[in-house]
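The values are calculated or read from the model by the stated rules, or taken from the named source; none is laboratory data. Values in this document were obtained by computation on a predicted structure and should not be read as measured data. Here the Cβ positions follow ideal geometry from the backbone for every residue, glycine too, while neighbour counts run over all protein chains shown. Heavy atoms of the whole protein, side chains included, go into the accessibility calculation; ligands, DNA and RNA do not. Shrake-Rupley method; radii C 1.70, N 1.55, O 1.52, S 1.80 Å.
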Amino acid sequence: MKVVDLDRETVKQGLADGSLLLIDVREDHEFARGRIPGSVSHPLSTFDPAALKALIEADGRRPVFSCASGVRSIHAIAAAQQNGLDVSEHYAGAFKDWYAAGEPVEA
């Protein structure tokens, strides 16, 4: 399994320049309480490789997983790769790092 850790600045830059699709794999209730602006929800508990593939293909940006602390995003990478999807990047610090740094949050 290939995993590439991205830091907050790399994620911020990718969101700002429109090159990165941030896919939040937390549960719906977590996503609803607060999320990184521009992220989209795809909960790991209901992981659907076909839906994820369609999302990535339709969007066209570089897919990057995120979660609460960087653990579920690694599981999402494993699930994606096991289903033939070329996704290897995740925001290692995840939402907790983003929030702790005082970055903007949507609710």
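Which of the residues spanning segment 33-68 are of a type in the set (D, E) and within 16 Å of Q82 (Cβ to Cβ)? If the condition is that a residue be of a type in the set (D, E) and within 16 Å of Q82 (Cβ to Cβ), then D48 is the only one that fits.
I need every pair where a residue in segment 51-77 that is touching a residue at least 24 places away in the same chain (Cβ under 8 Å) has its Cβ under 6 Å from the Cβ of a residue that is in a strand (DSSP E or B) and of a type in the set (G, A, S), sequence separation at least 6 or different chains. Final answer for the pair search is S73/S66.
A search for C-beta distances below 8 Å between a residue of segment 26-44 that is among the polar types (S, T, N, Q) and any residue that is open to solvent by 40 Å² or more (accessible area, probe 1.4 Å) and part of a helix (DSSP H, G or I), counting only pairs 6+ apart in sequence or on different chains, returns S41/D28.
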